[in-house]
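Taking it in order: structure first as structure tokens, then the write-up.
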Amino acid sequence: MDRKKYSSSSQYKANMHFHKLFLDVPTEEPLRQSFTCALQKEILYQGKLFVSENWICFHSKVFGKDTKISIPAFSVTLIKKTKTALLVPNALIIATVTDRYIFVSLLSRDSTYKLLKSVCGHLENTSVGNSPNPSSLENSFRADRPSSLPLVSCLRNYLNPTERACVPQ
């Protein structure tokens, strides 16, 4: 990649790191922006969300375990703002036909949301994610998940598997 395409050396380094992590993304496709956040699963996986013109990727390394997610932008079916602890507006749901990812601890959720919506332009012509009347896709999410995500302490369960469930704090 040519350094002249980037306004700063840190942007150049971030782009190089992005392409080193995600080999599926063509090297000609520059990183648009990255965001520090956490993937909510059985525990929170602190990492970075990387956004390019055609890809949404996430990388985390927790307890020596690499977690990488590569989502082609065209496969995204839903991008939805949500909250943690019933009132903190710092989370997003990104869904595809087969998977759903919840990214929390976003310091700039609204700017992340706007960038993701611009990358997933195919969602602009649908009501998914923005309509006051939820689509059937959104209703299926609501059936098994609340619209707000409680902060949970699952690390304790990860370290002590005899406990059965995460307990809201």
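Every read-out reported here was derived from the displayed coordinates using simple, explicitly stated rules and does not represent laboratory data. Given the structure is predicted, the values throughout are model-derived calculations rather than measurements. Neighbour counts are summed over all protein chains in view; Cβ atoms, including those assigned to glycine, are modelled from backbone coordinates with ideal geometry.
Some notes on this structure:
- Projecting label points 7 angstrom from Cα along Cα→Cβ for Lys13 and Asn54 puts them 2.9 nm apart.
- Label point 7 Å beyond Cα of Ser118 along Cβ direction - residues of the stretch 65-94 with amide nitrogen under 14 Å: none
- Residues of type lysines that Lys48 reaches as a straight line, Cα spacing below 23 Å, ignoring anything fewer than 8 places off in the same chain: Lys5, Lys13, Lys20, Lys61, Lys65, Lys68, Lys80, Lys81, Lys83, Lys114, Lys117
- Database remark: amide H of Val76 closer than 5 angstrom to no amide H (H placed geometrically; neighbours at sequence offset of 5 or more, or on other chains; Pro and chain starts carry no H).
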